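The values are calculated or read from the model by the stated rules, or taken from the named source; none is laboratory data. What you are looking at is a predicted structure, and each value in this text was computed from that prediction instead of being measured. Note that each Cβ is placed from the backbone with ideal geometry, even for glycine, and that neighbours are counted across all protein chains shown.
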Amino acid sequence: RIDEGGSDMSPPAAGCCHVTGFKVENWKQNLRAIYQCFVWSGSAETRKRKAKSCICHMCGAHLNRLHSCLYCVFFGCFTKKHIHEHAKTKRHNLAIDLLYGGIYCFMCQDYIYDKDMEQIAKEEQRKAWKLQAFTPTVVSHYQCTMTGIGEKYSTWEPTKRELELLRHNPKRRKITTNCTIGLRGLINLGNTCFMNCIVQALTHTPLLRDFFLSDRHKCEMQSPSSCLVCEMSTLFQEFYSGHRSPHIPYRLLHLVWTHARHLAGYEQQDAHEFLIAALDVLHRHCKGDDNGKKANNPNHCNCIIDQIFTGGLQSDVTCQVCHGVSTTIDPFWDISLDLPGSSTPFWPLSPGSDGSVVNGESHVSGTTTLTDCLRRFTRPEHLGSSAKIKCSGCHSYQESTKQLTMKKLPIVACFHLKRFEHSAKLRRKITTYVSFPLELDMTPFMASSKESRMNGQYQQPTDSLNNDNKYSLFAVVNHQGTLESGHYTSFIRQHKDQWFKCDDAIITKASIKDVLDSEGYLLFYHKQFLEYE
Amino acid sequence: MKMEEMSLSGLDNSKLEAIAHEIYTDLVEDACLGLCFEVHRAVKCGYFFLDDTDPDSMKDFEIVDQPGVDIFGQVYNQWKNKECVCPNCSRSIAASRFAPHLEKCLGMGRNSSRIANRRIASSNNMNKSESDQEDNDDINDNDWSYGSEKKAKKRKSDKNPNSPRRSKSLKHKNGELSGNSDPFKYSNSSGINYETLGPEELRSLLTTQCGVISEHTKKMCTRSLRCPQHTDEQRRSVRVYLLGPSASLPEAEGSMENEGFDVAESQALMSRLQWDGSSDISPSDSASSKASTNNSESRKTKKKKPHLSLVGGTPGLSSSKKKKPKPPAPPTPSIYDDIN
């Protein structure tokens, strides 16, 4: 109730005059001790001690909003007013809430926020967080946060001066569910629809968005104007600026062509190729952001691109004679899937013939699903007598089977449906409709599920409690037209259930049905639940 | 409630459930309390109002869902006049033509070296008509279908009536077919798509037109039978390719060289993306793409021939890129001769 004076640069606080009696002698140390022992538990021992010793001195309760008196060693619960009684009888006017560390003033009968005391509280909390071992965090569906290691995330707080300014300037860009902020069209620079679609997909990748909007990129390039990551950061600023006119991504094009020269050229290009090239350049330019952890492998650092997009593909080659298995794991950014109708043999069983309903896809007979394609991708493949592998067990060349499975799934999984066929005789586009789901469970395709698939049968029931491998669709890139000339458009997801169609400069609302009925060329899925490693 | 140490081992399911439920409700309550504190502090310290915005601003950013307009309520296709400044040459360029400009500007296009060579040659020759021809080449290049250069250039040379580039207003949108249903009509699209024509139509077409298929756009050249950009050899081969071995040029002579457009070449050209530096595999060499048993170079999709630089002006070679050695063609006299 009392607005504390103080410098304009300080955070706004609302203390009270009754704390002056407390702020004597060693009060800071005492307060620290209280925070360390009874409020913020940094280690297992302090946690245990807190649990054992913090009980109400009057009723023995250990919950009920327990408070500690600031003047003496007394714990009392708030709910039963035991701490109030103590305050009255002993005239100890301040108490601290042991759960959140707030200071309660019995004279004001309210929690107060004293600048100095809050400073101590913040410092102690930070210390405790650093000591804490990791705990997995289950995050709500489609909302993700990533915090740094040992660092408690603290929200921005305005200083007094800033508050004043904000009060005088009440217009804001507030992001609600029915809001255009975050969406923006992109001008086609001359056959650059392939680039525009990838940009739309990337700017709507939640983790990437959060990374850039929280300013996590620290540029270490010689000249920041040639850094593609900086340009990406600018792109996010443009998308969240509230501008309605489409953005002109000419600097982006210039940077990509400069850093990925094989892509340069005005002719129509492939969106998938552009995605891989863009990720590669971003990854190379991300050197400053890997939190000081330089992995030995230059291709797998800890940059944001690797954290989000890199998965591990396990390849097991089994010798048919000695049954020895040779395993390699390669990193990947995308999974390219063959389609029926291509000249390669597809799934030996007709799609959906085993009658199972997987991933909520109903098998209209004859419709190929994304799951069918994934099953084919992960099936054991007999390599044939013309492709014998040198087996280290048998010390000779033997026939073998090869099988691919996912060792580690990326946070964002990109599926590339191979619609452009180039074989010796044929160059064409495969327009077979492939149905893909809104939610996808990748468990059957994991290396860990491999054993049950050895005989090519899909049998494993989906474990609804295991959320590790659940993915949600958030972007679809489509191609219309022929092999030689065509046009790319994309669908992107915003605010959980809203979809928008992005056709270069034109952004329109789309229905989920529009999205799922579309042909599908690149499919972007995002992990639903994130955990620390 | 009192706190006591207890072992969980002796308890039955219902007790365990009760304990779990208790813990759950405690956690929910604590979480709610935390939220209350946040709000309380925001109100007390005076920054709670920050979240709000006035209703007008809210309206400003509301999504519009009406036919004919985008989500911002804007009519489609009003962005023709956008411009940008080229980071390379600092000129102001129309945004929708920035890509072809940049390609030339950075010297990485297919035609860049040809154009560059020609410019060098013409500046050596100081021949006015040469430089006019040079402009013409850009414009008459039927593999690019960009509209006219808005800059004032003197174009004295004849407008080739066979050039598909006559009308400048029609834009070639991202490679969409120009919506021209009549394949025989000269239009501003980059030629004719031979795939859509039947054999009779093709035959008839090829009696009057050059017909050589561009490597880049895969369309047939619509110039005359004596078009200077392609050789007779190429014209012969495209007829063989499209109409069978018995086909020949109306005024045919010479050997039947089965060259010209070769489907198999295109895939051989586009090798895997080469990433520099590392000994370990980069995710861009995705094993998943290699994984399929499709023997073809499946990564090449719509990408046309890449950046190979061309020798300027040698007749017959200018519009195709071939990796296999080409037997020297007898040079037909053409305007390109001076370059060599």
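Identify the single condition in (1) farther than 20 Å from B:E38 by Cβ; (2) at pLDDT 90 or above that A:G42 does not satisfy, given that it satisfies every other one.
Unmet for A:G42, out of (1) farther than 20 Å from B:E38 by Cβ; (2) at pLDDT 90 or above: (2).
Filter the range B:66-97 down to the residues that are over 19 Å from A:D504 (Cβ atoms) and in a loop (DSSP other than H, G, I, E, B) and list them by number.
B:Q66, B:C86, B:P87, B:N88, B:C89, B:S90, B:R91
What residue, of B:S92, B:S122, is at pLDDT 90 or above, touching an Asp or Glu at 6+ places or on another chain (Cβ under 7 Å) and more than 10 Å from every other protein chain (Cβ to nearest Cβ)?
On the way: B:S122 fails: at pLDDT 90 or above.
Going through B:S92, B:S122 in turn, just one is at pLDDT 90 or above, touching an Asp or Glu at 6+ places or on another chain (Cβ under 7 Å) and more than 10 Å from every other protein chain (Cβ to nearest Cβ): B:S92.
Spot the failing condition for A:F491; the list is (1) surrounded by fewer than 20 Cβ atoms within 10 Å (Cβ to Cβ); (2) at pLDDT 85 or above; (3) of a type in the set (F, W, Y), and only one is missed.
The single condition A:F491 does not satisfy is (1).
Residue check: is B:V75 closer than 30 Å to A:G190 by Cβ and either loosely packed, with under 14 Cβ neighbours inside 10 Å or at pLDDT below 90 (or both)?
In short, yes.
Is it the case that some residue within the range A:241-248 is modelled with pLDDT under 90 and within 9 Å of chain B (Cβ to nearest Cβ)?
Yes: the range A:241-248 contains one or more residues that are modelled with pLDDT under 90 and within 9 Å of chain B (Cβ to nearest Cβ).
For the range A:340-362, state whether one or more residues are part of a loop (DSSP other than H, G, I, E, B), buried (at least 17 other Cβ atoms within 10 Å of the Cβ), within 35 Å of the chain's Cα centre (by Cα) and modelled with pLDDT of 80 or more.
no
Just checking, how many residues over the range B:203-219 are modelled with pLDDT under 70 and basic (K, R)?
Number satisfying all stated conditions: 1.
I'd like the residue in the range A:182-198 that is assigned to a loop (DSSP other than H, G, I, E, B) and either basic (K, R) or under 20 Å from the mean Cα position of the chain (by Cα) (or both) and, out of all such residues, is nearest to the other protein chains (Cβ to nearest Cβ).
Filtering the range A:182-198 for residues that are assigned to a loop (DSSP other than H, G, I, E, B) and either basic (K, R) or under 20 Å from the mean Cα position of the chain (by Cα) (or both), the one nearest to the other protein chains (Cβ to nearest Cβ) comes out as A:L183.
Give the residue, chosen from A:A51, A:A61, that is of a type in the set (G, A, S) and surrounded by 17 or more Cβ atoms within 10 Å (Cβ to Cβ).
Among A:A51, A:A61, only A:A61 is of a type in the set (G, A, S) and surrounded by 17 or more Cβ atoms within 10 Å (Cβ to Cβ).
For A:H92, only one of the following conditions fails: (1) at pLDDT below 90; (2) outside any helix (DSSP H, G or I); (3) not hydrophobic (A, V, I, L, M, F, W, C). What is its number?
The number of the failed condition is (1).
When you scan the range A:8-65, how many residues do you find that are among the β-branched types (V, I, T), closer than 30 Å to A:K160 by Cα and part of a loop (DSSP other than H, G, I, E, B)?
2
Please specify each residue of the range B:34-62 satisfying the condition of being within 7 Å of chain A (Cβ to nearest Cβ), at pLDDT 85 or above and in a helix (DSSP H, G or I).
Within the range B:34-62, B:G34, B:F37, B:H40, B:R41, B:K44, B:C45 qualify.
Hey, among the residues in the range A:210-240 that are among the acidic types (D, E) and either surrounded by fewer than 18 Cβ atoms within 10 Å (Cβ to Cβ) or at the interface with chain B (Cβ under 10 Å from one of its Cβ atoms) (or both), which one's nearest to B:G73 (Cα to Cα)? Don't jump to the end; show me each part of the working.
Step one: list which residues in the range A:210-240 are among the acidic types (D, E), which gives A:210, A:215, A:220, A:231, A:238.
Narrowing the set further to residues that are either surrounded by fewer than 18 Cβ atoms within 10 Å (Cβ to Cβ) or at the interface with chain B (Cβ under 10 Å from one of its Cβ atoms) (or both) leaves A:210, A:215, A:220, A:238.
Details: A:D210: 28, A:D215: 31, A:E220: 41, A:E238: 19 Å.
Filtering the range A:210-240 for residues that are among the acidic types (D, E) and either surrounded by fewer than 18 Cβ atoms within 10 Å (Cβ to Cβ) or at the interface with chain B (Cβ under 10 Å from one of its Cβ atoms) (or both), the one nearest to B:G73 (Cα to Cα) comes out as A:E238.
Pairs please, first residue from the range A:80-107 and closer than 17 Å to A:G15 by Cβ and more than 14 Å from chain B (Cβ to nearest Cβ), second anywhere and buried (at least 18 other Cβ atoms within 10 Å of the Cβ) and of a type in the set (V, I, T), Cβ atoms under 9 Å, 6+ apart in sequence or on different chains.
Close Cβ pairs (under 9 Å, with a partner that is buried (at least 18 other Cβ atoms within 10 Å of the Cβ) and of a type in the set (V, I, T)) amount to A:N93/A:V19; A:L94/A:V19; A:L94/A:I103; A:L94/A:I112; A:A95/A:I83; A:A95/A:I103; A:F106/A:I83.
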